[in-house]
Amino acid sequence: MSEKITGAEALIRALIDEGVDTVFGYPGGSIMPVYDKLYDYTDRLHHHLARHEQGAIHAAQGYARASHRTGVVIATSGPGATNLVTGISDAMMDSTPLVVITGQVATGFLGKDAFQETDVIGVTLPITKWAVQIRRPEDVAPAVARAFYIASSGRPGPVVLDFAKDAQTSLTDYCFEPCKFIRSYDPDPIIDEAKVAEAASLINSAQRPMILSGHGVMLSHAEKELVELAEKAHIPVACTMLGLSSIPTAHPLYKGMLGMHGNIGPNVNTNRADLIVAVGMRFDDRVTGDVKKYAPNAKIVHIDIDASEFDKTVRTDTHIHGDAKKVLLALIPQVNPAIRHEWAASFDRHNAAERELVIKREIEPDSPTGPMLMGEVVSKVSEAFGHKAITVTDVGQNQMFGVRYSGFTETDSCITSGGLGTMGFGLPAAIGAKIGAPKRQVVLYVGDGGLQMTLQELGMIMEYNVGVKIVLLNNNFLGNVRQWQYLFFNGRYSATPMLNPDFVAVAAAYGIKGEDVADRTELAGAISRMAAHDGAYLLNVNIDPTDMVFPMTPGGAGVDEILLNEKDHYIPKD
Amino acid sequence: MDDQLYTITVFTENQVGLLNQISIIFTRRCLNIESMTVSACSIHGVHKFTITCRSNRTMMEHVVKQIERRIDVLRAFLHTDDELVYQEVALYKVPTNRLLQEGHLEGIIRRNGARVLEITDEYTIFEKTGHKSETERLFEELKEFGIRQFVRSGRVAVTKNKTEFVDLFLKEQQARKQRVESKSE
Ligand SMILES: Cc1ncc(C[n+]2csc(CCOP(=O)(O)OP(=O)(O)O)c2C)c(N)n1
Ligand SMILES: [Mg+2]
């Protein structure tokens, strides 16, 4: 038998045995034995100290999504753990693989309101894929193996390991064995051939099919198969927000984003389609609008790895339970080649109308001077990086403009908080993304509100030299809320104007280069300086606060009831 | 809506925290659990939850899927009463003197198929096993004597299916385990 080691060291070694080399975290009393052991392994396990646990977990999320690895977060008990709750919930909603390790008071103190004791399992159970407390050092290695297996397989999600302090300090034999099987959990179900055949025949007999591509396509690395299916059967593809970049934006069959601020083509045609093939998406209410009015003419085929998503909000005609890639591979040989020029062109006609009625005023504003519009900034920045950058966004108008006006030539290049809509996600997620994909450009679109929710993470950029490009779309407003106040609350701007600091000076205090872009005439030059700069950069762009995100299907409306501006609805010409 | 009483049976690994994992799925939807019984089942190491809840089928189907989605849950099933054989046990504590005075004891026991568990000068304890309507009927009959305590257990149920789905599931998992292990060698 080898020498005994502490539970804390067992954790570190198990992480390394799982192939982890990067972790994000923040120390404290109940996790100190782990941090002490980490000190001996700094050559193999690179710890990134965030400035707040929320920053650590969003960074781990960005890291996971950019690197296709499981993000690892370490924090102390009590407030350290509760500061992680937003990120855990965000990762659960957006299916991000995370292993979250929290310190916990020693087992003898559990349940006694000890100093910095929080019932972390109780708090996180509803927002985790799995959560378990480690109370004995010999349980560390199996728990870590199980945690990674659960977090990364099937529909990925966050797992919490709550690690009691005495289990960190007491001794155990160490033996690591990866977990590959849990009898109560089948992350890779056998695909029902009969359902595949059924789906194929629905596709083969459809006149007006469309594919809805979600995050699951990228989680299962099925981007190639998605395009293959679309091309073979000539089916237009629309993406959910989290599904963006599952197909390049320039692909002729890509017809735009779905949902509340999506493109007109796919939204209008959702209600004209006779077949919807939904892949790795979950019919979120931001995608469907009023479900009673959703896709009234369509049969629905739903492909997902999570059986609990079937018939949850939208009744399906066939659903196929399984990994998207495997299902698509089974489906493709059974679909007939087809040509549907007229149907595909109808998307383009609606989208051309959107260009004319909405996009044009955003990217080609009338006045050559003055404050800028978010759409023009995002499209120019995206272009400056050849549409090759990873787009990260915060939440708000900046998010909607960020995702709508970015181009994607590379797959899996959009990182945004979809299900939870977490302000403050952007900056740390961009940092994590850059650490996870150091060779790629990472561009963050963020608002003045959201940036200040996790502003402290500029410290991580400084300390670890993280070259993210921060495009601050600064309207001195909680713009998204302002837009709703304008549209639905008689322009009563309650608690949305904001007095802001000198952001460039703040960045400079962290050693980050930046510049103010006050006027449209300065924009192009500033963007090329940012693009040419090797390292982090902050552009503080002066945005017209009256700029609003359109098109828009207001809450409770059908997906084809689309506002083009504050008063006009889109009226299709056909 | 078509609300009715459904029985959900859940088979789980024997681990702490499962009760919480399952019950929060109901709480989130504001569903009132009418009864819940947890016990070992015929398979070693597997626990069985029997839960009754009044709602509509769509809601219940969704709840079952959400329960099954939890990692430590083996299988969960939705049943209506006609698919089950089920029972509940009720205990009634009634003052003895009035029962004896009025000489009803034999009739009550015969009519209801009840049992007497204990008689003292002070009180008599009845036990009735049956469906809710039956235990309720006895409750109504005993009311006039003044019931001092009453308690009814949650439902326990077994299915009328010919196939034992959990056994089948475990066999399938055993096969899956072999597939996974042979792949990694
Ligand atoms: C943590 C959190 N709090 C509140 C909200 C509600 N909310 C959504 S968008 C928004 C305004 C965002 O303002 P800003 O960051 O300046 O972005 P803008 O919309 O102006 O681009 C708010 C308050 C949220 N999504 N997340
Ligand atoms: Mg703002």
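The values are calculated or read from the model by the stated rules, or taken from the named source; none is laboratory data. Since the model is a prediction, treat every value here as computed from it, not as a measurement. A quick note on method: Cβ atoms are made from the backbone with ideal geometry, for glycine too, and the neighbour counts reach across all protein chains shown.
Overview of results
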{"quantity": "Given (1) outside any loop (DSSP other than H, G, I, E, B); (2) within 16 Å of ligand 1 (Cβ to nearest atom), index of the condition A:LEU420 fails", "calculated": "(1)"}
{"quantity": "Filter result for the condition that a residue is in the same structural domain as A:ASP162 (by TED's automatic domain parsing), touching a helix residue (DSSP H, G or I) at 6+ places or on another chain (Cβ under 9 Å), surrounded by fewer than 24 Cβ atoms within 10 Å (Cβ to Cβ) and not in a loop (DSSP other than H, G, I, E, B), over A:TYR63, A:TYR41, A:TYR35", "calculated": "A:TYR35"}
{"quantity": "Residue in the range A:232-253 that is in a helix (DSSP H, G or I) and of a type in the set (Lys, Arg) present", "calculated": "yes"}
{"quantity": "Near pairs, Cβ below 6 angstrom, 6+ apart or cross-chain, from the range A:495-524 (assigned by TED's automatic domain parsing to the domain that holds A:LEU478) to any residue that is among the charged types (D, E, K, R)", "calculated": "A:THR496/A:ARG482; A:ASN500/A:ASP448; A:VAL504/A:ASP516"}
{"quantity": "Per-region count, the range B:52-68, residues within 11 Å of another protein chain (Cβ to nearest Cβ) and among the hydroxyl-bearing types (Ser, Thr, Tyr)", "calculated": "1"}
{"quantity": "Filter result (within 14 Å of chain A (Cβ to nearest Cβ), surrounded by 15 or more Cβ atoms within 10 Å (Cβ to Cβ) and not β-branched (Val, Ile, Thr)) within the range B:1-16", "calculated": "B:PHE11, B:GLU13"}
{"quantity": "Of residues in the range A:415-435 being more than 16 Å from ligand 2 (Cβ to nearest atom) and surrounded by fewer than 24 Cβ atoms within 10 Å (Cβ to Cβ), the one farthest from the other protein chains (Cβ to nearest Cβ)", "calculated": "A:ILE435"}
{"quantity": "Residue identified as more than 20 Å from A:GLY432 (Cβ to Cβ) and either touching an Asp or Glu at 6+ places or on another chain (Cβ under 8 Å) or β-branched (Val, Ile, Thr) (or both) among A:THR118, A:THR96, A:THR128", "calculated": "A:THR118"}
{"quantity": "Options A:GLU463, A:GLU457; residue that is more than 7 Å from ligand 1 (Cβ to nearest atom), over 19 Å from the mean Cα position of the chain (by Cα) and among the acidic types (Asp, Glu)", "calculated": "A:GLU463"}
{"quantity": "Test: residue in the range A:182-200 that is of a type in the set (Lys, Arg), under 23 Å from A:LEU328 (Cα atoms) and away from chain B (no Cβ under 14 Å)", "calculated": "yes"}
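Residue-wise test of (1) within 14 Å of chain B (Cβ to nearest Cβ); (2) not basic (Lys, Arg).
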residue: A:ASP306; (1), (2): yes, yes
residue: A:GLU309; (1), (2): yes, yes
residue: A:LYS325; (1), (2): no, no
residue: A:ARG340; (1), (2): no, no
residue: A:TRP343; (1), (2): no, yes
residue: A:GLU362; (1), (2): no, yes
residue: A:PRO371; (1), (2): no, yes
residue: A:VAL378; (1), (2): no, yes
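Yes/no per residue for (1) surrounded by fewer than 15 Cβ atoms within 10 Å (Cβ to Cβ); (2) in contact with a strand residue (DSSP E or B) (Cβ under 8 Å, 6 or more places away or on another chain); (3) in the same structural domain as B:GLU141 (by TED's automatic domain parsing); (4) among the polar types (S, T, N, Q):
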{"residue": "B:ILE25", "(1), (2), (3), (4)": "no, no, no, no"}
{"residue": "B:SER35", "(1), (2), (3), (4)": "no, yes, no, yes"}
{"residue": "B:VAL46", "(1), (2), (3), (4)": "no, yes, no, no"}
{"residue": "B:CYS53", "(1), (2), (3), (4)": "no, yes, no, no"}
{"residue": "B:MET60", "(1), (2), (3), (4)": "no, yes, no, no"}
{"residue": "B:LEU91", "(1), (2), (3), (4)": "no, yes, yes, no"}
{"residue": "B:ARG98", "(1), (2), (3), (4)": "yes, no, yes, no"}
{"residue": "B:ALA114", "(1), (2), (3), (4)": "no, yes, yes, no"}
{"residue": "B:LEU117", "(1), (2), (3), (4)": "yes, yes, yes, no"}
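Quick grid of which residues meet (1) more than 15 Å from ligand 1 (Cβ to nearest atom); (2) polar (S, T, N, Q):
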{"residue": "A:ASN476", "(1), (2)": "no, yes"}
{"residue": "A:GLY479", "(1), (2)": "no, no"}
{"residue": "A:TRP484", "(1), (2)": "no, no"}
{"residue": "A:ALA495", "(1), (2)": "no, no"}
{"residue": "A:ASP502", "(1), (2)": "yes, no"}
{"residue": "A:THR521", "(1), (2)": "yes, yes"}
{"residue": "A:ALA536", "(1), (2)": "yes, no"}
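Residues are listed down the side, and each one gets a yes or a no for (1) within 16 Å of ligand 1 (Cβ to nearest atom); (2) among the hydrophobic types (A, V, I, L, M, F, W, C); (3) part of a loop (DSSP other than H, G, I, E, B); (4) crowded, with 23+ Cβ neighbours inside 10 Å:
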position: A:GLU376; (1), (2), (3), (4): yes, no, no, no
position: A:GLU383; (1), (2), (3), (4): no, no, no, no
position: A:GLY386; (1), (2), (3), (4): no, no, yes, no
position: A:VAL392; (1), (2), (3), (4): yes, yes, no, yes
position: A:ASN398; (1), (2), (3), (4): yes, no, no, yes
position: A:PHE401; (1), (2), (3), (4): yes, yes, no, yes
position: A:THR409; (1), (2), (3), (4): no, no, yes, no
